[in-house]
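No lab work stands behind these numbers, since they all come straight from the coordinates. For clarity, every value in this text was computed on a predicted model and none was experimentally measured. Neighbour counts run over all protein chains shown; Cβ positions are idealised from the backbone, glycine included.
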Amino acid sequence: MGTSGAPSDVLVVDGRVATIAPAGTLDPSDADSEVVEASGAWLGPGLVDHHVHFDQWALVRRRVDVSEQHTAEDTAAAVAAVARTGVSDRVLVGHGFRDALWPRPARRALLDGAAPGLPVVVISADLHAVWCNTLALAAVEQLVGRRLQAADDGILREQDAFDVTAALSRVPDDVLDAYAADAVEAAAARGVTRVTDLEMVFGIDRWTRRVHAGTDGLRVDSGVYPDELDAAVARGLRTGDVMPGTRGLVRMGPFKVITDGSLGTRTAAMTDGSGVLAYAVEDLEAMVRRAVDAGLVPAVHAIGDRANTIALDVFEAVGARGSIEHAQLLVDADVERFARLGVVASVQPEHAMDDRDIADRYWAGETHRAFPLASLHRAGAALWLGSDAPVAPLDPWVAMAAAVGRDRDGREPWHPSERLDVLTAWRGSTEGGRVGVSVGDVADVVLLAEDPLAAASSGALRSARVLGTAIEGRFTHLDL
């Protein structure tokens, strides 16, 4: 295998890279350990997805996929086709609708007719909206324990939608853990060794339980939201703390707070006054300050340009470092503030490919400053890449391809001046921006069929073949 272009033997001892030597010079019989022959493979650091909603991703893999439907009527028809096969769950749940460009709006009656007698909830691709039929509205009100205000279209947005999604996610622990175990294996198969899990229900105890039960194919940093901030502070949890009994796999993650909505749901907070702000600025600042004082690093969701300005203002007022999650639309003056304030831009490049047409319609004339990855990089900002799964697939190759090519499906690149070079995209997808593997490194590594830094196209990145993934030298995926 090669680590820097030269064929090499790599010896891992006690979870760290102990020796890198010219190929054929290490005697496998000298070590009482597993020997993996991977002639011609490329060895690099394991990949990181810096923003996932892991339980939602695990659940979505078992829900009705409507992401390829482009009208309300077609979405309802896809639901009806599944309903006709017989559904044992008390609520039929779909995922992936994008209604921003539908020629006709959603109507509750469409879902009523799609599955008579069955509650139906379809979750939007961006998780910021849910579309319910009449029976589902009554059912989810019981689940969330309060009255929900839905218009005739049956769509609930923002906090109402989050509450419904959380209620639908309350499945038995053993069932959800089994789904998560399968999703962990799928992530490892794409070279992922660590994720930052920003599931909206605090998950650190769930992940600890899963590791104890043998689901140990990922490192997980588990974040916390405002509703459970007090509980995390009371437990003395600080970002980076390793959970006892998890063999170093589970750590306390950041404090996640949402400032605005989303592009797809048309609720991003904009400088023109449109969109939704989740908190008054003074309340947002107070929450972030409380988290920082308790040792929690803030990760602030901001989509619209107004929300991003507010988020940066809060970082500056508190004097803290952390990340802005998404950073999808920025005014020019804010681009350089990321580097100056030491705020990481935690971005999901595939969102630009999913939403380019929506942005062209709803951010018309402003998309030259949308998803400004190269501009942020040139300004000196640190970039972390992720998926926001299930909004986009938990696959770092998809994110890197979108960042490098700004293209997909044979279409011309969208604002190609904002493309990243392969090396920058790679650094944004690894632990600490690592490029290669060196003696002394923790052996969280990925084996690839080809050198990804030599990829000639975004298509080559999307189709990258992962031969193996290991955490501390222990293979979590192997397909030679």
Item to check | DSSP bridge pairs, the chain: antiparallel proportion in percent, nearest 5 | outcome: 45 percent
Checklist outcome for this item: So for R0 = 30 Å, FRET eff. of D332-D227 from the Cβ-Cβ r, to 0.05, ends up at 0.30
Item to check | Å³ per residue enclosed by the Cα convex hull of the chain | outcome: 150 Å³
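By how many nm would the segment from T85 to H368 grow when fully extended, if each residue of separation counts as 0.36 nm and the alpha-carbon distance is taken off?
Working it through step by step, the gained length comes to 97.3 nm.
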Checklist entry - What order, most packed first, do the peptides 15-26, 282-293 have when packing is the mean number of other Cβ atoms within 10 Å of each residue? => result 282-293, 15-26
Checklist entry - For region 331-418, taking Cα atoms only, what is the radius of gyration to one decimal and the Dmax to the nearest whole Å? => result 12.8, 38
Checklist entry - Once label points are set 7 Å from the Cα along Cα→Cβ at both R474 and E431, what is their separation, rounded to one decimal in nm? => result 1.3 nm
Checklist entry - With each pseudo-label sitting 7 Å past Cα toward Cβ, what's the R235-R247 distance in nm, one decimal? => result 2.1 nm
Next on the checklist: With +1 on the Cβ of every Lys and Arg and -1 on the Cβ of every Asp and Glu, and nothing else charged, how large is the dipole of region 118-261 about its Cα centre, in debye rounded to the nearest 20?
Outcome noted: 520 debye
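State, as an integer percentage, the relative contact order of the chain based on alpha-carbon contacts under 8 Å between residues 6 or more apart. Don't skip to the answer; put the middle values down first.
Values: 1023 pairs, mean separation 86.8, N = 480.
Taking the mean separation of contacting Cα pairs over the length of the chain, I get 18 percent.
Under a Cβ-only charge scheme (Lys and Arg +1, Asp and Glu -1), can you give me the dipole magnitude of region 170-235 about the Cα centre, in debye to the nearest 20?
Details: 8 positive and 13 negative charges, 44 e Å.
Here the size comes out at about 220 debye.
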Checklist outcome for this item: At R0 = 30 Å the Cβ-Cβ FRET efficiency linking V175 and E68, nearest 0.05, sits at 0.65
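Beyond 21 Å, what share of the Cα-Cα pairs of region 181-302 remains, rounded to the nearest whole percent?
Details: 3393 of 7381 pairs.
Percent of Cα pairs beyond 21 Å in region 181-302: 46.
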Checklist entry - Using 0.36 nm per residue, how much length does the chain from R361 to V201 gain when fully extended, once their Cα-Cα distance is taken away? => result 54.3 nm
Checklist entry - So how far apart, in nm, are the two label points at L453 and A213 if each is 7 Å from Cα heading toward Cβ? => result 4.0 nm
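Could you order the peptides 302-308, 141-147 from most to least packed, using the average number of other C-beta atoms within 10 Å per residue? If you can, show how the numbers build up before the last one.
Values: 302-308: 27.3, 141-147: 11.7.
Highest mean packing first, the order is 302-308, 141-147.
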Checklist outcome for this item: Given unit charges at Cβ for Lys, Arg (+) and Asp, Glu (-), the dipole magnitude of region 7-131 about its Cα centre in debye, nearest 20, is 1120 debye
Checklist outcome for this item: For R406, the net charge from surrounding residues (Cβ-Cβ under 11 Å; K, R +1; D, E -1) works out to 0
Next on the checklist: If packing is taken as the average number of other Cβ atoms within 10 Å across a peptide's residues, how do 427-439, 128-140 rank, most packed first?
Outcome noted: 128-140, 427-439
